[in-house]
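The values are calculated or read from the model by the stated rules, or taken from the named source; none is laboratory data. A quick note: this is a predicted structure, and the numbers were derived from the prediction, not measured. In this analysis, Cβ positions are derived from the backbone assuming ideal geometry, glycine residues included, and neighbour counts consider all displayed protein chains. Protein only, heavy atoms only, side chains kept; ligands, DNA and RNA dropped before computing areas. Shrake-Rupley method; radii C 1.70, N 1.55, O 1.52, S 1.80 Å.
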Amino acid sequence: MTLDDTQRKKVAQWIAEGMKLSEIQNRLASELDVRMTYMDVRFLVDDLKLTPKDIEPPKPITPVAPPASAPPQPAANPLKVEKEPVPPGAAGTVSVSVDQLARPGAVVSGKVTFSDGKSAEWYIDQTGRLGLSPQQTGYRPAPADLQQFQAALEAELSKMGM
């Protein structure tokens, strides 16, 4: 469908006002009684050598600075452990083993025994998240044991080339 000169000027005016193509399509139908598909409107604007104005992108939100006493952010790699000195006698030995065949849904899995003798199964899923499934419901190992576990796990996995 072709438009006459006054209709083309109207479309050029709408483009200059910053209207979107879908709005122009609606205006053509309501004001000029011209029914066009969205693609036809695109071709029309292109044929008229007009360029729709880009809408100003939203300004990025500046993050608020966290308070000075904010807790440290978790490491990007769940296997990396920031070395903090463990007080002597605070934790005993933590032992880690790796399963020959990983449990379903895990990339790698195994077992861990903490210093208090309690054990748990551990796994790393496809997204790299580390998970623990203690044998005793509600059990939470000591923070020092968790640090030793992560360090021992990292050592075991590096022996395997992971």
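With respect to the stated conditions, Leu153 is open to solvent by less than 60 Å² (accessible area, probe 1.4 Å) and out of contact with any Asp or Glu (no Cβ under 9 Å at 6 or more places or on another chain).
In the set (1) open to solvent by 100 Å² or more (accessible area, probe 1.4 Å); (2) closer than 30 Å to Ser158 by Cβ; (3) modelled with pLDDT of 85 or more, Glu82 fails one condition alone, (3).
Among residues belonging to region 127-138 that are exposed (fewer than 14 other Cβ atoms within 10 Å of the Cβ) and out of contact with any Phe, Trp or Tyr (no Cβ under 8 Å at 6 or more places or on another chain), point out the one that is farthest from Pro104 (Cα to Cα). If we take residues in region 127-138 being exposed (fewer than 14 other Cβ atoms within 10 Å of the Cβ) and out of contact with any Phe, Trp or Tyr (no Cβ under 8 Å at 6 or more places or on another chain), then Gly138 is farthest from Pro104 (Cα to Cα).
The set of residues in region 18-56 being exposed (fewer than 10 other Cβ atoms within 10 Å of the Cβ), at pLDDT 85 or above and part of a loop (DSSP other than H, G, I, E, B) consists of Thr37 alone. Of the strands (runs of 3 or more DSSP E) entirely within region 94-162, those holding at least 2 residues that are touching a Leu at 6+ places or on another chain (Cβ under 6 Å) occupy 119-125. Counting the residues of region 103-126 that are over 29 Å from the mean Cα position of the chain (by Cα), open to solvent by less than 30 Å² (accessible area, probe 1.4 Å) and under 16 Å from Ala155 (Cβ atoms) gives 1.
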